[in-house]
Each structure stands twice: as structure tokens, then as C-alpha cells.
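Just below is one structure, and these are the notes that go with it.
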Ligand SMILES: Cc1cc2nc3c(=O)[nH]c(=O)nc-3n(C[C@H](O)[C@H](O)[C@H](O)COP(=O)(O)OP(=O)(O)OC[C@H]3O[C@@H](n4cnc5c(N)ncnc54)[C@H](O)[C@@H]3O)c2cc1C
């Protein structure tokens, strides 16, 4: 089978790209390694920025749907130290909207999937190899041996992208360990924890470690633990008992968040690509999203993946006769956009997991507003 444009990876980047190209009358096939659309839970809220995620959704023709599904604001946050002392308590004005509304990540993914023709995404297809064809296209081989060919291959296959290896041999850095837990029906079953966290987000910031909790729309609480990379095996963090040891000495009201969790801890490595990563273009292939620029998770990755998709789709639609020029134009623009964002993300990540994080973060949130100068 021969496809004009094949997209490896049906995450937010790949689906946004498929949708915007579909809007331009260009059909694609998205191959995803997951067995089905519901195979991987996509929990959590996403803060969509006007200049990236929201812009991409508008280009996808889905901005109206997005607004109706958005929650009013996500700005209530509390920052505590390990003794339970409140360092910052920010409450939005009653009835105010943040202007950067949070949207449920699964709802966003469903919105994109439902907006595509039914045969666009092919599940259960893990790309394992791509080899160049003499005619300039690519032969794709999937786990299990299935093969297809395409003219243009877009790698939207995330942090451990297979397509990336066609363009660069860049190595990933391990910067932190992230462990996630959930507490269901928190208001009813753990009113004390519901009160502690409040209606939005709570972060407890210690030395090289953060215990955060976020209210989700379904009444549950997501507990996220970030630990500075120490080279310990992930299995170290697979039990609640082991995690409680990590937080020994913290106020028991805070560690109760770990004790109350129903789910087993799911630790994973947070890796990044070196800032400034770029590659020399190669005909018929490019990358978007985490495959192109894996950054620390400080609220930019999905937004930039969607903006990549929007920019690449515009270039491809404007230049159907010469997709390689479209790809080159996209890559140049993406590299210069991403590098400052990657730098900022690395700085925020370093600040969050540093020995002075509590003071730094409190200072950041309580700094006086910048004076406004009239010209
Ligand atoms: C804890 C956490 C919180 C975050 N919070 C935010 C946030 O608030 N805001 C924000 O903007 N970003 C956030 N991010 C970052 C964001 O999740 C990613 O940057 C974003 O998901 C990247 O999208 P993507 O489409 O490039 O990749 P992914 O979402 O990783 O999607 C890749 C897709 O490719 C598929 N795939 C992988 N390998 C293959 C293969 N070999 N063959 C076929 N398919 C394959 C996968 O199944 C997946 O569907 C967060 C990240 C983490 C870890």
C-alpha cells in the first residue's frame, strides 16, 4: 500500500496535523502503536496557550468546540513547604477567567479523533524501521512485519521517537523521576485532603523533591511526585512504602496524600533533548512534537507539538508540489521558535528541583508586577 503522507504517532501532535491537513483536503494515515484509541489513559488537564495550542485548534476548525469544553480557570494554587506552612496562596478573583483555560487532555484527544475520517488512524501499528526508497519515498516496517510505503513520513512518535533516528543521533538526558498516583472521589472519601489541596493545585516543595496534587474534573485527585534525577532504579519508587521513605520528616498531613492513593505508584523517567538540537534536512521526512524537541514537562510540550502541527500543515498545504521545501521552511521556523522555549523550560525545571526551590518559587509567585511605562 502506498500513502502520500504517513504520520507515525497519534498523540496530540500527530492528530492535530492529520486534522489540519484534512481541513486542507489532504488525507493522511496515522499509525499508532497503541492497540486501540482507548488503550492508553490520557489523564490530566492541559493549559492551552493562546499563541500555540489554542491557535492550532483554531486552525483545526475546532476552536468553538474547545471553548465549550474548557473549564473556567486553573489559577487557584497553593504552595507549601514540607512542614505544611503555606508559602503562597493564590486565588483568582471570583468569576474571573484565566484566559488560559485548562482542558481535559482526554477530551481534547477525543475531539481531534472524532473530527477525522474513521479510517485515518490505524491502531496497533508500532513503527520499527523506515528505509529510504530509490524514488525518494519511505518503506515503513511495523512490529509484526506489516509494511507500507509513503512519499512523506512525519515522526510524531513522541519522546522515544523511531523516526528521529533517521535525522539525528542525539542522546536524551535523564533529568528527573516522576511518580503518579490517584485518589478517587476525594471530596467524599477524604474531605481533609480535599480541604488541604483546595479547588485547584497544590505543590509542596522540598529540597530536590516536589509533592503536587491537582483536582481533576471527575472528582479525583492526581498526585504527582517529582524527584531530582539521582540514578536510582525506577523500581525504588514502585511501592507506597518506598515513597513514604522518600518523604520521611514531612508533615504527615502532606504524606497522607501518598497513603490515601488507591493506585500503585507508576514511576517514569523524565528525559529531555539537549537545548539547541537541530538536524540537517533529509528529503521526505521530518519531526513534530516531543520527537523533535523533548523538553521538561513545564507546560509547553503539548502546546508546541500542536503548533508544530499547525505550522507544518500550513507549509505542506501551501506547497503541495514541493513537500521538501515545505518541510525545510517548517524546520527553520520550528528550530528558532523552540530553542528559547527549551531554554526557559530547562531553567524552570532546574528551579523546581533545586535545594532552594521553595524560596525561589515563592519569590517567583509573589514578585511585584512589572511597572508599565508609557512611550
Ligand atoms: C507529567 C507530564 C505533564 C505534562 N503537562 C503538560 C502541560 O500541562 N502542558 C503541555 O503543553 N505539555 C505537557 N506535557 C508534555 C506533553 O505531554 C508532551 O509534550 C506532548 O504529549 C507531546 O505530544 P506528541 O504528540 O509529540 O507526543 P505524544 O503525546 O507522546 O504522542 C506520541 C504518540 O506516538 C505513539 N508512538 C510512539 N512510538 C511509536 C511508534 N514507534 N510507532 C507508532 N506510534 C508510536 C504513541 O502511542 C503516542 O500516541 C506534560 C508531560 C508530562 C510527562
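Computed from the coordinates by the stated procedures, all read-outs in this text should not be read as laboratory data. The shown structure was predicted, so the numbers you read here are calculated from the model rather than taken from an experiment. Every residue, glycine among them, receives a Cβ derived from its backbone with ideal geometry; neighbour counts consider all protein chains shown.
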Original post:
Among 159, 256, 292, which one shows the biggest mean-square fluctuation in a GNM of the chain, springs joining Cα atoms closer than 10 Å?
Top reply: 256
**OP:** Please report, in cubic angstrom per residue, the volume enclosed by the convex hull of the alpha-carbon atoms of the range 90-219.
**Re:** 218
**OP:** Compute from the Cα atoms of the range 158-261 the Rg and the Dmax, the latter being the longest Cα-Cα distance, and quote both in angstrom.
**Re:** 16.4, 52
Original post:
Among 132, 296, 82, which one shows the biggest mean-square fluctuation in a GNM of the chain, springs joining Cα atoms closer than 10 Å?
Top reply: 132
**OP:** Report the label-to-label distance for residue 248 and residue 189 in nanometres (one decimal), using points 7 Å from each Cα along the Cα→Cβ vector.
**Re:** 2.9
Original post:
From the Cα gyration tensor of the range 275-344, with a ≥ b ≥ c the square roots of its eigenvalues, which class applies: rounded if a/c is under 1.5, or else prolate if a/b is larger than b/c, or else oblate?
Top reply: prolate
Subject >> Between 0 and 90°, nearest 10: helix 12-23 axis offset from the chain longest Cα axis >> reply: 40
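Viscosity 1.567 mPa s, temperature 4 °C: Stokes-Einstein D of the range 230-375 from its Kirkwood Cα radius, in µm² per second? Each step should come with its number before you reach the end.
Values: Rh = 19.1 Å.
For these conditions, the coefficient is 68 µm²/s.
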**OP:** Measure nothing fancy, just the Cα-based angle from helix 323-352's long axis to the longest principal axis of the chain, in degrees from 0 to 90, nearest 10.
**Re:** 10
Original post:
Taking the Cα atoms only, what angle lies between the long axis of helix 357-366 and the longest principal axis of the chain, rounded to 10 degrees?
Top reply: 90
**OP:** Distance from a point 7 Å along Cα→Cβ of residue 133 to each backbone N in the range 314-346: keep the residues under 20 Å and list them by number.
**Re:** 320-327
**OP:** Restricting to the chain, compute how many DSSP beta bridges are antiparallel as a %, nearest 5.
**Re:** 70
**OP:** Return P(r) of the chain (all Cα-Cα pairs; 10 Å bins starting at 0; whole %; ordered from short to long distances).
**Re:** 5, 22, 31, 25, 14, 4, 0
**OP:** Specify whether the C-alpha gyration tensor of the range 146-198 places it in the rounded, prolate or oblate class, a ≥ b ≥ c being the square roots of the eigenvalues: rounded for a/c under 1.5, otherwise prolate if a/b is larger than b/c and oblate if not.
**Re:** prolate
